[in-house]
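The values are calculated or read from the model by the stated rules, or taken from the named source; none is laboratory data. Because the structure is predicted, anything quoted here is derived from the model rather than measured. In this analysis, Cβ positions are derived from the backbone assuming ideal geometry, glycine residues included, and neighbour counts consider all displayed protein chains. Remember, those area values only see protein heavy atoms, side chains included, never the ligands or the DNA or RNA. Shrake-Rupley method; radii C 1.70, N 1.55, O 1.52, S 1.80 Å.
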Amino acid sequence: MALTLTAEEQAVAGGRDGTAIAMRMVAESARLLGAPRLIPIASAHIDGALYHGDSGTLFAERLVEGGARAAVRSTLNVGALDLMGCSKVRLEGHERAMARRMMDAYRTLGCEPSWTCAPYQAGHRPAFGTDVAWGESNAVVFCNSVLGARTNRYGDFLDIACAIAGRAPDYGLHRPENRLAEVVFDVSALPRAFLGLEIAWPVLGSLFGREVGTAIGVVAGVEGHPGEDALKAFGAAAASSGAVGLFHIAGVTPEATDVATALGGLPPRAVIRVTPDMVAAARAALSTAKAADRIDAVAIGSPHLSPAEFAALERLIGGRRLKVPLYACTGRHALAELENDGRRKALEAAGVTIVADTCVVVTPILPDLAGAVLMTNSGKFAHYAPGNTGYGVLYGSLADCVESAVAGRPVFSDLMAGEVSEAGTPTPSCFASHLSPLKGERKGAKLAAGISSPPSNGGEVACEARRSGGRIPADETTAEILVPGPPGTGESLILTAPISFWGGVDAKTGRIADVRHPQHGESIAGKVLFLPGTIGSSSASAVLLELVHNGHAPAALVLHEPDAILLLGLIVAREMGWKTPPAVKLDRDWFGRFRGKRVTVNAQGALAFAD
């Protein structure tokens with residue numbers, strides 16, 4: 001469906017100022033998503049103020065120079081600096097200056113200096129059914145799922161563009177019909193006592209995200225409301241391990257009075273019956289340093305700690321002194337309560353380092369130690385810390401984290417003993433990879449050589465020959481252009497699993513940093529990158545923009561499905577006048593025929609290879 005802009009929107013987009021840049025970005029993203037129109041929004045939450053490199057700062061300052069201002073209420077996600085002075089950030093010199101310039105630019109654009117990934121616990125709670133444009137993956141999923149407001153997963157830079165334009169693409173989770181569940185995630189076989197534990201919700205969220213991918217699921221079998229902090233932890237983990245933008249919990253979240261309502265009265269496409277073995281495997285997968293006999297730090301607060309979570313931390317410490325530093329990440333809303341009550345000083349005296357305005361996984365705060373081990377109770381920290389900090393991770397409950405910090409070594413309670421059995425690392429869900437995306441799916445790539453459908457066995461040439469009556473197609477395949485660019489040539493790199501660019505790819509070098517990814521250590525720089533899918537953070541666009549700016553971007557990108565978050569990095573690069581690699585859409589079943597080849601993607605979207 002073609003995008004139609006109003007006369008006013010066309011006039012704005014045709015200008016040369018900062019508001020024109022924003023409107024063009026929103027319109028281009030809407031085109032990629034297949035949205036027919038733009039819709040007004042009531043507010044925004046901005047994820048793009050975090051420093052990943054100079055490119056993001058230069059973009060924000062370009063908007064400022066163009067006189068742009070947010071047209072709606074816009075809160076800010078974490079920055080790279082602790083402006084409250086609670087913790088020491090190890091950014092120095094040029095990087096520190098650019099990070100501060102970025103934070104200042106977003107304030108000049110009219111955004112509120114909230115500096116938290118949990119704006120919903122700091123007074124920014126859109127009303128049920130309200131259309132908004134939120135970035136930051138955990139904030140998005142909480143906004144949709146717990147508040148019942150409507151937002152897509154807006155990537156870095158599109159969030160501020162929507163805020164300035166006051167509009168967003170009419171697509172995806174803004175449409176009521178796209179908010180229905182299609183998968184049932186049944187936890188009724190799990191012990192009730194387990195579901196009452198704090199440790200349960202990040203583990204279940206991680207499993208949920210891996211199982212459903214980008215689909216919308218409804219959790220069945222939960223008796224009673226687990227509390228907002230539990231839902232916060234569940235959603236953050238689900239958005240990290242998958243690409244979850246909305247979940248329902250029957251009898252708990254506002255669009256799911258029961259399972260049937262969440263499904264819109266339709267039968268589910270699948271039912272996932274969660275077993276104790278599945279839970280044990282998901283918990284084990286959150287740790288990468290399973291054999292560690294020491295820890296170097298403990299970190300909690302991703303998403304940012306609430307006042308209630310600080311109260312739980314204080315009870316568990318119980319006046320004792322910690323042997324290992326414990327970093328407690330939070331926003332100014334919770335910090336103000338701690339300072340008013342005099343509790344901040346008591347926590348710091350016990351050995352707690354409070355981190356405000358930022359967190360230890362997004363900026364260098366943890367000591368730079370080789371082979372270091374971090375313990376956490378956050379599913380999100382567990383997912384991203386290895387790639388972003390270099391620390392191995394141990395996952396445990398909040399009580400485990402405190403007891404380990406007091407003892408100076410890993411200490412695990414037996415709270416889950418008897419509740420779940422031991423199991424190995426889970427394998428990726430075939431269900432997730434084949435089910436998503438579910439709604440708004442665009443037609444397949446335009447395939448050359450007269451073949452009407454891609455091969456079904458991963459793109460092996462033998463299968464292609466059988467389908468074409470024994471004829472091997474010409475060594476060229478035409479794909480759909482998503483973002484145009486000059487021709488790109490390089491060795492193919494076909495990823496065998498989805499990836500989160502933030503936390504998964506080093507923004508300085510292009511190296512795959514996610515230790516859990518099958519191709520950890522390989523570089524995407526200068527390659528023709530074949531992406532079967534993306535997961536996780538809404539900062540993927542910022543990482544790709546920085547790779548373009550510093551010369552370590554792929555030579556071209558070949559995507560199974562359009563990803564407006566990732567591709568926004570290319571859209572911004574074009575607005576900045578930087579050389580941008582092309583991005584095209586091609587069904588992943590064709591990827592295999594390019595394995596081990598040197599591939600060229602030309603300006604018309606044709607892929608050709610040489611042995």
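Points to keep in mind about this one:
- Sequence-separation-based contact order of the stretch 1-146, relative, with Cα cut under 8 Å and 6+ spacing, percent: 27 percent
- Solvent-accessible surface of the stretch 500-589, taken per residue with a 1.4 Å probe and all protein chains present: 27 Å².
- Cα gyration tensor, the stretch 91-199 - rounded (a/c under 1.5), prolate or oblate: oblate
- Residues of the stretch 201-328: accessible area per residue with a 1.4 Å probe, Å²: 34 Å²
- Carbon and sulfur %, accessible surface of the chain computed with the full protein complex present, 1.4 Å: 52 percent
- Overall, the ratio between the Cα radius of gyration of the chain and 2.2 N^0.38 Å, rounded to two decimals, is 0.93.
- The chain - percent relative contact order, Cα under 8 Å, separation 6 or more: 15 percent
- Percent RCO, i.e. relative contact order, over the stretch 320-377, from Cα pairs under 8 Å lying at least 6 residues apart: 41 percent
- Restricting the GluC sites (Glu not before Pro) of the stretch 53-117 to loop positions (DSSP other than H, G, I, E, B) with no more than 14 neighbouring Cβ atoms within 10 Å leaves Glu92.
- Cα-Cα over 29 Å, subset of Lys345/Lys508; Lys88/Lys323; Lys508/Lys597; Lys380/Lys579; Lys232/Lys345; Lys290/Lys585: Lys345/Lys508; Lys380/Lys579; Lys290/Lys585
- Per residue, the solvent-accessible area of the stretch 53-127 (1.4 Å probe, heavy atoms of protein chains only, all protein chains present) comes to 39 Å².
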